[in-house]
Amino acid sequence: MGTAAKVGETPDVTKAAIEEYAAPEIVKDQALVKDWPAERDRFQKDPDAFWADAAKQFVWTKPWNKVFEWDGIHHQWFTGGRTNITVNALDRHANSENANRAAFIWLGEDGTEKIVTYRQLYRDVCRFANGLKSLGVKKGDRVVIYMPLTIEGAISMLACARIGAIHSVVYAGLGHSSLRDRVEDAQARVVIAGDAGFRRGKPVPLKGIVDEALDGLETVEKVVVFTRDPKAFEPASAREVDFRELMKFPAECPAEDMDSEDPLFILYTSGTTGKPKGVVHVHGGYMVGTTYHLKSFFDVGPRDLFWCTSDIGWIVGHSYIVYAPLCAGVTTLFREGAIDFPDPSIAWQIVEKYGVTKMFTAPTALRMFMRYGEALPQKYDLSTLRVVACAGEPLNPEAWRWAQTYIAGDGKWGYVVDNWWQTELGGPALGTPVTMPMRPGKAGLALPGCEADVVDINGNPVAPGTSGRLILKRPFPHFMRTIWNNAARFEKDWLELAGCYITGDLATKDEDGYISVIGRADDVLNVAGHRIGTAEVESALVSHPAVAEAAAIGIPDSLKGEAIVAFVQLRAGHVASDTLTASLIEHVRRELGPIATPSAIKFVAALPKTRSGKIMRRLLKAQETGAEIGDLSTLEQ
């Protein structure tokens with residue numbers, strides 16, 4: 001290890017500048033799990049006993065016979081056990097001293113606030129569950145949810161789970177063809193939809209998208225419509241039902257008794273490339289695994305005010321807005337709309353007003369905050385903020401350094417940590433626990449439950465610091481069970497390397513087990529036979545003081561195979577120029593070597609992103625090469 005630099009110092013762009021940053025004492029002292037090496041050892045010594053201990057903290061109507069069964073591809077957890085995730089998310093809190101604790105604090109862009117307690121949420125979910133039953137919805141039926149980020153969206157999810165129906169949330173705003181594909185694949189009988197969402201002060205019409213998506217689909221029997229204006233419901237057809245009418249049913253609804261392995265939901269991947277796949281998660285293992293990591297890795301308990309900046313349309317929203325926080329009995333804040341509207345400082349106003357203690361956000365958001373400058377967060381009291389966890393894209397060192405300095409007070413009160421997972425995994429697999437040192441640019445260590453490695457094309461471990469394929473050597477409880485209607489697609493990722501799951505990501509691993517996720521295997525540049533991750537180039541660019549955010553693509557080159565073109569969004573106070581272009585190219589050359597030197601730098605006002613905040617490099621590439629652009633339904637408008 002090299003000497004760690006102080007976060008507050010002027011950034012040094014050399015690779016050795018910051019190699020390790022110790023966990024702040026205030027965070028370590030208050031952590032729920034203080035000895036992470038011991039926790040990891042506990043898992044490794046007896047994985048089944050480890051997960052059995054975690055599962056015993058939940059209510060089961062019938063205990064399990066066996067913790068784990070696995071044939072090298074298909075896996076089951078807590079077999080024979082019976083429960084319903086909503087019993088653990090609602091009943092046990094609504095009937096305890098937690099009854100009047102706030103379950104959700106919902107905020108609108110216009111400042112609207114709505115708070116529901118555990119008892120209120122329990123009653124509302126039961127009402128809506130009874131309403132769905134009145135429509136004939138039963139165990140095993142699929143219900144597609146196309147709702148804005150509202151409490152009613154969460155109620156819809158929980159009500160489906162309550163009666164054993166399988167929900168499939170589609171991010172509100174995806175296009176009609178994307179919605180139709182998902183409805184058809186799931187063979188949904190019912191669709192629950194909002195008439196509009198709100199973003200940047202403007203309504204985002206949803207109902208027209210639903211109408212077009214469902215046109216001619218006879219399999220959909222009912223469309224439940226939630227209108228923002230209680231008086232605005234006007235049925236367009238006989239199959240449409242007012243959401244609020246289904247909230248008038250009795251406030252008691254017994255939970256359907258579910259097998260641990262019964263499906264809880266289908267969540268389709270974003271579909272930025274190829275046909276979206278319906279990832280299946282189940283009641284038992286998903287409940288146990290995601291809640292364990294909320295408490296242990298994210299360090300969230302009943303003492304906390306937890307803010308997750310995701311949406312229920314993504315896996316983060318499923319796991320860490322709705323299910324795990326409710327199972328843990330904590331208070332979760334979530335907000336509809338853009339995180340920098342109506343004012344770039346709104347995030348810090350919220351942290352100060354509500355005393356947010358733990359926050360889960362994306363590297364994209366941190367880079368956006370960085371673009372607005374350090375003066376904004378310094379105007380507000382952020383000293384309640386103990387942990388800021390990031391996932392979604394690689395967290396580049398410069399963005400981490402900025403956030404640790406200006407959001408976490410240079411360790412005086414908080415800690416910014418990275419973690420990595422996928423829709424398929426349900427919850428964190430790699431991360432930097434809050435009591436462990438952060439190594440900027442590295443997601444962290446394999447968390448309990450996860451056995452990860454970085455290997456070559458033949459499955460052989462690569463040398464430390466060498467890029468390779470990131471694989472997982474065993475499943476864990478919150479790992480997907482299959483792909484809906486396409487088991488072969490699920491099996492394929494286990495069959496290529498026997499007994500290993502191929503994540504599709506490239507990574508490096510250091511001598512101590514810290515893993516840096518470079519990016520998707522299809523986000524790899526091949527320049528003169530050298531494989532370079534787009535994230536490496538982008539991270540080098542963002543470490544330059546003029547750059548807020550960057551995206552790198554490869555375009556065909558007759559000499560090199562591929563040439564690197566970089567798209568750069570500048571920080572406030574910096575202006576595009578030939579001099580700056582030369583400076584950036586030289587900066588990347590110095591950081592990564594001549595082979596990674598961009599052939600061109602293009603300055604842009606904004607980078608195209610999906611609504612979950614991921615940069616759409618394929619769109620940039622299509623625009624540069626004249627290729628077919630393809631489906632843009634996930635593009636943030």
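The values are calculated or read from the model by the stated rules, or taken from the named source; none is laboratory data. Small disclaimer: the values here were computed from a predicted structure and weren't measured. Because the Cβ atoms are built from the backbone with ideal geometry, glycine has one as well, and the counts that use them run over all protein chains shown.
For the stretch 591-607, what are the residues that are in a loop (DSSP other than H, G, I, E, B), surrounded by fewer than 19 Cβ atoms within 10 Å (Cβ to Cβ), touching a residue at least 12 places away in the same chain (Cβ under 8 Å) and not β-branched (Val, Ile, Thr)?
SER599, ALA605, ALA606 - these are the residues of the stretch 591-607 that are in a loop (DSSP other than H, G, I, E, B), surrounded by fewer than 19 Cβ atoms within 10 Å (Cβ to Cβ), touching a residue at least 12 places away in the same chain (Cβ under 8 Å) and not β-branched (Val, Ile, Thr).
Which pairs turn up if I take residues in the stretch 443-454 that are free of Cβ contacts under 8 Å to residues at least 40 places away in the same chain and look for partners that are surrounded by fewer than 22 Cβ atoms within 10 Å (Cβ to Cβ) and part of a loop (DSSP other than H, G, I, E, B) with beta carbon separation below 7 Å, at least 6 apart in sequence or on another chain?
Hits for this filter: GLU451/LYS473; GLU451/ARG474.
So ASN88 passes all but one of these: (1) polar (S, T, N, Q); (2) assigned to a loop (DSSP other than H, G, I, E, B); (3) crowded, with 21+ Cβ neighbours inside 10 Å. Which condition number does it fail?
(2)
If you check VAL191, VAL210, which single one turns out to be modelled with pLDDT of 95 or more, crowded, with 20+ Cβ neighbours inside 10 Å and part of a strand (DSSP E or B)?
Details: VAL210 fails: part of a strand (DSSP E or B).
Residue meeting the stated conditions: VAL191.
Pairs needed: first member in the stretch 133-161, in the same structural domain as ALA172 (by TED's automatic domain parsing) and in a strand (DSSP E or B); second member anywhere, charged (D, E, K, R) and at pLDDT 95 or above; C-beta distance under 8 Å; at least 6 residues apart or different chains.
ARG142/ARG189; VAL143/ARG189
For the structure I just gave you, tell me whether GLU218 is surrounded by fewer than 23 Cβ atoms within 10 Å (Cβ to Cβ), free of Cβ contacts under 8 Å to residues at least 12 places away in the same chain, acidic (Asp, Glu) and within 28 Å of ASN485 (Cβ to Cβ).
On the way: surrounded by fewer than 23 Cβ atoms within 10 Å (Cβ to Cβ): yes; free of Cβ contacts under 8 Å to residues at least 12 places away in the same chain: yes; acidic (Asp, Glu): yes; within 28 Å of ASN485 (Cβ to Cβ): yes.
When the stated conditions are applied, GLU218 passes them.
Every residue, every condition in (1) within 16 Å of ALA389 (Cα to Cα); (2) surrounded by fewer than 17 Cβ atoms within 10 Å (Cβ to Cβ), yes or no:
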site: VAL225; (1), (2): no, no
site: PRO230; (1), (2): no, yes
site: GLU245; (1), (2): no, yes
site: GLY285; (1), (2): no, no
site: ARG303; (1), (2): no, yes
site: PHE306; (1), (2): yes, no
site: HIS318; (1), (2): no, no
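Can you work out which of the residues in the stretch 556-584 that are within 34 Å of the chain's Cα centre (by Cα) and part of a loop (DSSP other than H, G, I, E, B) is surrounded by the most Cβ atoms within 10 Å (Cβ to Cβ)?
Among those that are within 34 Å of the chain's Cα centre (by Cα) and part of a loop (DSSP other than H, G, I, E, B), it is ARG571.
Among the residues that make up the stretch 126-133, is at least one of them crowded, with 16+ Cβ neighbours inside 10 Å, closer than 27 Å to SER178 by Cβ, more than 25 Å from the chain's Cα centre (by Cα) and of a type in the set (A, V, I, L, M, F, W, C)?
Within the stretch 126-133, one or more residues are crowded, with 16+ Cβ neighbours inside 10 Å, closer than 27 Å to SER178 by Cβ, more than 25 Å from the chain's Cα centre (by Cα) and of a type in the set (A, V, I, L, M, F, W, C).
When the residues of the stretch 68-85 are narrowed to those that are within 27 Å of the chain's Cα centre (by Cα) and assigned to a strand (DSSP E or B), which ends up surrounded by the fewest Cβ atoms within 10 Å (Cβ to Cβ)?
Top of the filtered list is TRP70.
Quick check on the stretch 536-551. Is at least one of its residues of a type outside the set (D, E, K, R) and over 21 Å from TRP400 (Cβ atoms)?
Let us first name the residues in the stretch 536-551 that are of a type outside the set (D, E, K, R), namely 537, 539-548, 550-551.
Narrowing the set further to residues that are over 21 Å from TRP400 (Cβ atoms) leaves none.
Checked the stretch 536-551: no residue is of a type outside the set (D, E, K, R) and over 21 Å from TRP400 (Cβ atoms).
Being in a strand (DSSP E or B), over 19 Å from the mean Cα position of the chain (by Cα) and of a type outside the set (Gly, Ala, Ser), is that true of even one residue in the stretch 488-499? Lay out the reasoning, then the answer.
Going residue by residue through the stretch 488-499, those that are in a strand (DSSP E or B) are none.
Looking for residues that are in a strand (DSSP E or B), over 19 Å from the mean Cα position of the chain (by Cα) and of a type outside the set (Gly, Ala, Ser), one finds none in the stretch 488-499, hence no.
Output the number of the condition that ILE515 fails; it satisfies all remaining conditions of (1) touching a residue at least 12 places away in the same chain (Cβ under 8 Å); (2) over 23 Å from MET438 (Cβ atoms).
(2)
Looking only at the stretch 226-272, count every residue that is of a type in the set (A, V, I, L, M) and assigned to a helix (DSSP H, G or I) and tell me the total. Please lay out each step first, then the result.
Here is the first cut: in the stretch 226-272, the residues of a type in the set (A, V, I, L, M) are 232, 236, 238, 241, 246-247, 251, 255, 258, 264, 266-267.
Those left that are additionally assigned to a helix (DSSP H, G or I): 246-247.
The number of residues fulfilling the criteria is 2.
PRO276 - would you say it is over 30 Å from ASP523 (Cα atoms), outside any strand (DSSP E or B) and either touching a His at 6+ places or on another chain (Cβ under 8 Å) or not assigned by TED's automatic domain parsing to the domain that holds VAL116 (or both)? Break it down into steps so the answer makes sense when it comes.
On the way: over 30 Å from ASP523 (Cα atoms): no; outside any strand (DSSP E or B): yes; either touching a His at 6+ places or on another chain (Cβ under 8 Å) or not assigned by TED's automatic domain parsing to the domain that holds VAL116 (or both): yes.
No: the conditions fail for PRO276.
Take TRP106 and decide whether it is part of a strand (DSSP E or B), touching a Lys or Arg at 6+ places or on another chain (Cβ under 7 Å) and surrounded by 14 or more Cβ atoms within 10 Å (Cβ to Cβ). Step through it out loud before you land on a result.
Working: part of a strand (DSSP E or B): yes; touching a Lys or Arg at 6+ places or on another chain (Cβ under 7 Å): yes; surrounded by 14 or more Cβ atoms within 10 Å (Cβ to Cβ): yes.
Considered against the rule, which asks whether it is part of a strand (DSSP E or B), touching a Lys or Arg at 6+ places or on another chain (Cβ under 7 Å) and surrounded by 14 or more Cβ atoms within 10 Å (Cβ to Cβ), TRP106 comes out as yes.
Identify the residue in the stretch 91-103 that is touching a helix residue (DSSP H, G or I) at 6+ places or on another chain (Cβ under 7 Å) and part of a loop (DSSP other than H, G, I, E, B) and, among all such residues, is farthest from HIS478 (Cα to Cα). Reasoning before the result, please.
Of all residues in the stretch 91-103, those touching a helix residue (DSSP H, G or I) at 6+ places or on another chain (Cβ under 7 Å) come to 91, 93-94, 98-101, 103.
When the remaining residues are screened for being part of a loop (DSSP other than H, G, I, E, B), the result is 98-101.
On the way: ASN98: 26, ALA99: 27, ASN100: 29, ARG101: 27 Å.
It comes out as ASN100.
Could you run through the stretch 330-376 and say how many residues are surrounded by fewer than 19 Cβ atoms within 10 Å (Cβ to Cβ) and outside any helix (DSSP H, G or I)?
11
Given (1) of a type in the set (Lys, Arg); (2) touching a residue at least 12 places away in the same chain (Cβ under 8 Å); (3) closer than 30 Å to VAL144 by Cβ, where does LYS492 come up short, assuming only one miss?
(2)
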